[in-house]
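*Asks:* Okay, handing you the structure first.
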Amino acid sequence: MPPDATHAIEVSHLTKTFGQVRAVDDLSFTVRPGRVTGFLGPNGAGKTTTLRMLLGLVQPTAGTATIGGRRYTDLDRPMQTVGAALEAADFHPGRTALDHLRVFAPQAGVPDRRAHEVLDLVGLSGAAKRRVGGFSLGMRQRLALATTLLGDPPVLLLDEPANGLDPEGIRWLRDLLRALAAQGRTVLVSSHVLSEVQQTVDDVVIIAGGRLVHASTLAELSGLAEPRVRVASPDAAALDALVARAGWQRAADGTAGGAGGVGGVGGVAELVGTDVATVGHAAFAAGLELHELATHGVGLEDVFLRLTAPAPARGAHAGAPAAAPTAAGGAR
Amino acid sequence: MKDSLVSEYRKIVTTRTWWVLLIVMVGYMAFMGAAMAFAFSFDGAEVTGASGEAVPMDTTTAATTVYTLPSTFGYALPLLVGLLSVTSEFRHRTLTPTLLAQPDRNRFVVSKLVASIPMGVLYGVLGTLATVGAGALAFVVNDTATGLDDGAVWGVIARTALALTVWCVVGVGLGFAMPNQVVAIVVVLAFTQFVEPIARLVLGLNDALAPAGKFLPGAAGEAISGGSFYSATGAGDLLGPAAGAAVLVGYAVVLALLGRFTTLKRDIT
């Protein structure tokens, strides 16, 4: 392990059952320092439960979750090690932003002036003396983030931090998180929308149904996304014939032939495993009139949806999708 | 531990609850003190006891009965302040950040209990002084002795303030045992204003059950003051001040432990 790995997050065989429901099921992953890691999964995938177990709020049924090798509840002054924000609504509405931070300053082991510093850092200085009850969701997110930064911790855990932020706020958050990771901090950001964190994260940990479905760098995840060639012709039958003759493979979930394409007539095909030059040449050689010929990426979002789609059986191997990218070709 | 104490104390003083209820407390106690002092000091005034006979009332008894009104009628307010300091954490879901800052739930409970003491002292001192001030003024107006030249009376006044302080801590314990704010407030009002006074009266009428009445929380609070409205009106005997304090502190501790092993034993989701 590199020397800066002292504040890695280690989740090992973590399991939590609520009655009959397995909210988190034998989940293992590592979050490395110096990187922003996206903790992704659809609603109800078990993200929040996992974070709450990591933070000692929920008792795991089995397994361990440690930060820098120690359980959260064993940390001396936890706010100096981990800054965590779980819900943007966790404020007393009658308390001002500054007082909210002053409440936690002693436990973070910092003087009161640090409260002003973090308010500056998140751009809330102007609202320091205002009661939180009047804050917008975006302002609450900023205040939650300010609270996590109070103790200048090497580890940050943020649950859906982009919720309620305007586009400018999202860009600001991205820059801040990137800067914090660049300082060597461990940054874990949960989200149920990959696109929300796509430009922020270095690594991804994707869970669904309480189980790990994928853990890799973002680049490796991109490798799972195959480019597609979309081709449209007014002559659907000729297009189908060409596709069949050339042996191109249609994308499983792509638009099938038949009506569609430009003007609503003709055929459209979405092809994988080929490129525009090949398709264009073949169409030219066949004398087929084309109205559209383009490569479009399957967004990462599609890959994400495919990975997190409800598993057909309980026995599905959690690690299997992660092994695929090597075969699927390089990232674009 | 000290950090948690400071944090918990700051939580109480950074919202409006404490001073709004303090104003209510002071106003209510001043009114009660003046009204009762007037009633006791009118010529020929007699207090009718629970048994229907007139209770003879010398001036010192009248004075202490007035000055201990806070431990008879006013204790619901420090109780509420302590209670709300806990239930608001549940109501506003601030328990999560609280336990992130202090994951040791035992220390959290102790911090809450201890941090309520300064607020309890403030309520105790100001609430009692409001009663004494207004009451003494009324005695003076009616040309009756205030009793304030008697050191023993001041001892009663000081212990009344102490009783209110302990009530604030009881509120914290109750909050842990009953974290639902609305339910807790309803229970507090119903118990203090209705259930306990009736229970004490009923228990007091039966010789076999009378001793049990002394251990009800309100009776224990009044016992700390020593001498009070209910006992002056013959509604049951009281414990000694030290025993009363022990019983009331016991309520705070038992309620807090109950909360620690129910509410705070669970996952925080």
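Where a number appears in this text, it was derived from the coordinates with a stated rule and is not lab data. Note that the structure is a prediction, hence the values are computed from the model and not measured. Neighbour counts are summed over all protein chains in view; Cβ atoms, including those assigned to glycine, are modelled from backbone coordinates with ideal geometry.
*Asks:* Using a Förster radius of 25 Å, what is the FRET efficiency between A:Gln249 and A:Ala309 based on their Cβ-Cβ separation? Nearest 0.05, please.
*Replies:* Computed FRET efficiency for A:Gln249 and A:Ala309: 0.75.
*Asks:* Where in region A:266-290 is the amide nitrogen less than 12 Å from a point lying 7 Å along the Cα-to-Cβ axis of A:Ala241?
*Replies:* Residues passing the 12 Å test: A:286-289.
*Asks:* Provide the per-residue ³J(HN,Hα) series for region B:91-106, in order, calculated from phi with Karplus coefficients 6.51, -1.76, 1.60 and θ = phi - 60°, each as a whole number of Hz, with x at glycine and proline positions.
*Replies:* So the Karplus estimates, Gly and Pro as x, are 4, 9, 6, 8, 5, 4, x, 4, 7, 6, 6, 9, x, 7, 6, 5 Hz.
*Asks:* Based on alpha-carbon atoms only, what is the radius of gyration of region A:1-94 relative to the globular estimate 2.2 N^0.38 Å?
*Replies:* Computed over Cα atoms of region A:1-94, the ratio equals 1.14.
*Asks:* Something else: In whole Å, what is the distance between the alpha-carbon centres of region A:52-121 and region A:223-243?
*Replies:* If you average the Cα positions of each part, the centres end up 53 Å apart.
*Asks:* Antiparallel DSSP bridges in the protein assembly as shown: what percent, to the nearest 5?
*Replies:* Roughly 65 percent of the DSSP beta bridges within the protein assembly as shown come out antiparallel.
*Asks:* May I pose another question? Would you mind classifying region B:116-224 by shape? Square roots of the alpha carbon gyration tensor eigenvalues, ordered a ≥ b ≥ c; an a/c under 1.5 is rounded, otherwise it is prolate if a/b is larger than b/c and oblate if not.
*Replies:* Since a/c reaches 1.5 but b/c is at least a/b, the shape of region B:116-224 is classed as oblate.
*Asks:* Using θ = phi - 60° and the Karplus curve 6.51 cos²θ - 1.76 cosθ + 1.60, what whole-Hz ³J(HN,Hα) does each residue of region A:178-186 get, with Gly and Pro shown as x?
*Replies:* Result, rounded to whole Hz: 4, 5, 5, 5, 5, 7, x, 7, 8.
*Asks:* Considering only A:Val189, A:Val110, A:Val303, give the residue with the highest GNM mean-square fluctuation for chain A, with springs between Cα atoms whenever their separation is below 10 Å.
*Replies:* A:Val110
*Asks:* Please report Rg over Rh for the protein assembly as shown, where both radii come from the alpha carbon positions and Rh follows the Kirkwood definition.
*Replies:* 1.19
*Asks:* Which percent of the Cα-Cα distances in region A:131-260 go past 24 Å?
*Replies:* Result for the distance tail: 51 percent.
*Asks:* Can you put B:Glu222, B:Glu8 in order of Cβ neighbours within 10 angstrom, beginning with the fewest?
*Replies:* Taking fewest neighbouring Cβ atoms as first place, the list is B:Glu8, B:Glu222.
*Asks:* Scaled to the compact-protein estimate 2.2 N^0.38 Å, what is the alpha-carbon radius of gyration of chain B, rounded to two decimal places?
*Replies:* In units of the globular-protein estimate, chain B measures up at 1.04.
*Asks:* For A:Arg211, what residues show an amide H to amide H distance below 5 Å, using hydrogens built from the backbone and excluding near sequence neighbours?
*Replies:* Correct list: A:Asp25.
*Asks:* Along region A:115-120, what does the Karplus equation 6.51 cos²θ - 1.76 cosθ + 1.60 (θ = phi - 60°) give for ³J(HN,Hα), rounded to whole Hz, x for Gly and Pro?
*Replies:* Along region A:115-120, the couplings run 4, 5, 4, 6, 5, 4 Hz.
*Asks:* Using the basic label-point model (7 angstrom from Cα toward the beta carbon), what is the A:Glu289 to A:Glu168 distance in nanometres?
*Replies:* Computed distance between label sites A:Glu289 and A:Glu168 equals 5.0 nm.
*Asks:* Shifting gears a bit: Among rounded, prolate and oblate, which fits region B:120-161 when a ≥ b ≥ c are the square roots of the eigenvalues of its C-alpha gyration tensor, a/c under 1.5 means rounded, and a/b larger than b/c means prolate?
*Replies:* oblate
*Asks:* With labels modelled as points extended 7 Å from the Cα through the Cβ direction, what inter-label distance (nm, one decimal) is found for A:Thr278 paired with A:Asn43?
*Replies:* For A:Thr278 paired with A:Asn43, the spin-label model returns 4.1 nm.
*Asks:* How do A:His116, B:His92 line up, fewest other C-beta atoms within 10 Å first?
*Replies:* Starting with the residue having the fewest Cβ neighbours, the order is A:His116, B:His92.
*Asks:* Which far-off residues, 5 or more places away or on another chain, put their amide H under 5 Å from the one on A:His291, with H placed in the peptide plane?
*Replies:* A:Ala232, A:Ser233
*Asks:* Could you tell me whether chain A comes out rounded, prolate or oblate from its Cα gyration tensor? Rule is a ≥ b ≥ c as square roots of the eigenvalues, rounded for a/c under 1.5, then prolate if a/b exceeds b/c, otherwise oblate.
*Replies:* It is prolate, given that a/c is not under 1.5 and a/b is the larger ratio.
*Asks:* Explain nothing, just the number: relative contact order of chain A, from Cα pairs under 8 Å at least 6 residues apart, as a whole percent.
*Replies:* 19 percent.
*Asks:* Among A:Gln249, A:Gln107, A:Gln80, which one moves the most in a GNM of chain A with springs linking Cα atoms closer than 10 Å?
*Replies:* Result for chain A, Cα springs under 10 Å: A:Gln249 fluctuates most.
*Asks:* Given H placed on each backbone N at 1.01 Å, which residues far from A:Thr186 in sequence or on other chains put an amide H within less than 5 Å of it?
*Replies:* Placed amide hydrogens put A:Gly34, A:Val155, A:Leu156 under 5 Å from A:Thr186.
*Asks:* Identify all lysines with a Cα-Cα distance to B:Lys112 below 17 Å; exclude those on the same chain that are fewer than 8 residues away in sequence.
*Replies:* B:Lys2, B:Lys11, B:Lys265
*Asks:* I need B:Tyr75, A:Tyr72, B:Tyr28 ordered by Cβ neighbour count within 10 Å, fewest first.
*Replies:* Ordered by Cβ neighbours within 10 Å, fewest first: B:Tyr28, A:Tyr72, B:Tyr75.
*Asks:* To the nearest 500 deg cm²/dmol, what mean residue ellipticity at 222 nm is calculated for chain A from DSSP H runs of n ≥ 4 alone, each contributing -39,500 (n - 2.57), summed and divided by the residues?
*Replies:* Value at 222 nm, helices only: -9000 deg cm²/dmol.
*Asks:* Using the basic label-point model (7 angstrom from Cα toward the beta carbon), what is the B:Val182 to A:Val21 distance in nanometres?
*Replies:* 2.3 nm
*Asks:* To the nearest 0.05, how large is the calculated FRET efficiency for B:Leu189 and B:Val253 if R₀ is 22 Å and r is the Cβ-Cβ distance?
*Replies:* Values: r = 23 Å, r/R0 = 1.05.
The computed FRET efficiency comes out at 0.45.
*Asks:* Given springs between every Cα pair under 10 Å in a Gaussian network model of chain B, which of B:Val202, B:Val125, B:Val66 has the largest fluctuation?
*Replies:* B:Val202
*Asks:* Peptide B:100-107: average number of partner chain Cβ atoms within 10 Å per residue?
*Replies:* On the way: counts 17, 13, 5, 9, 4, 2, 0, 0.
Across B:100-107, the average partner-chain Cβ count within 10 Å equals 6.
*Asks:* Related question: If you take the beta carbon distance between A:Asp112 and B:Val121 as r and set R0 to 30 Å, what does 1/(1 + (r/R0)^6) give as a FRET efficiency, to the nearest 0.05?
*Replies:* According to the calculation, E is roughly 0.80.
*Asks:* Which value in deg cm²/dmol, rounded to the nearest 500, describes the helix-derived mean residue ellipticity at 222 nm for chain B, given -39,500 (n - 2.57) per DSSP H run of n ≥ 4 and division by the residue count?
*Replies:* Value at 222 nm, helices only: -23000 deg cm²/dmol.
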